[in-house]
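These notes are about the structure you will find just below.
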Amino acid sequence: MNHSRKGAEGERLAKKQLEAAGYVVTKSGGSLGAVDLIAIGTLGVRCIQVKVSTDGRQLQKANLEAIRETLYPLPRPQAGGVSYEIWVRYKKTNDRKWYWYRETV
């Protein structure tokens, strides 16, 4: 599976989890912006950047800070109710199972 297909699969799985939790989810077209998914629910709005890696630790060390830097300057309403999140779907070395790392920025 190529890189963009892995990313699309990660976004699809994240969207499915959010919808199961009662959110209405919109996927950003082409995922070229700061966030991939926008989830709207009764508790607020979640703006999520989804990444996929077969080595989650490598992604976290090399790219997590850069991802944070793209999310920090986004507007944050004074009334609250909006969160910016990074979700990383990763596979541990020699493990068939996929895991999620989630962080609110």
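Short-range pairs are left out: with C-alpha atoms under 8 Å and at least six residues apart, the relative contact order of the chain is 22 percent.
The long axis of helix 56-71 is offset from the longest Cα principal axis of the chain by roughly 20 degrees. Of all DSSP bridge pairs formed entirely within the chain, close to 65 percent run antiparallel.
In the chain, the DSSP-assigned H stretches of four residues or longer account for a calculated mean residue ellipticity at 222 nm of -11000 deg cm²/dmol, using -39500 (n - 2.57) per stretch and the full residue count as denominator. I'd like to know which of 84, 98, 50 lies farthest towards the positive end of the charge dipole of the range 3-104, counting +1 on Cβ of Lys and Arg and -1 on Cβ of Asp and Glu. The residue sitting most towards the positive pole is 98. Comparing the chain with the 2.2 N^0.38 Å rule of thumb, its C-alpha radius of gyration ratio is 1.06 (two decimals).
Listed by chain and number, the lysines whose alpha-carbon sits under 26 Å from that of residue 16, ignoring those within fewer than 8 places in the same chain, are 6, 27, 51, 91, 92, 97. In the chain, the longest principal axis of the Cα atoms and the axis of helix 3-20 are about 50 degrees apart.
Read-outs: derived from the displayed coordinates by stated rules, not from any lab. This one's a predicted model, so the numbers in the text were calculated from it and none came from an experiment. So basically every Cβ, Gly included, is an ideal-geometry build from the backbone, and we count neighbours across all protein chains shown.
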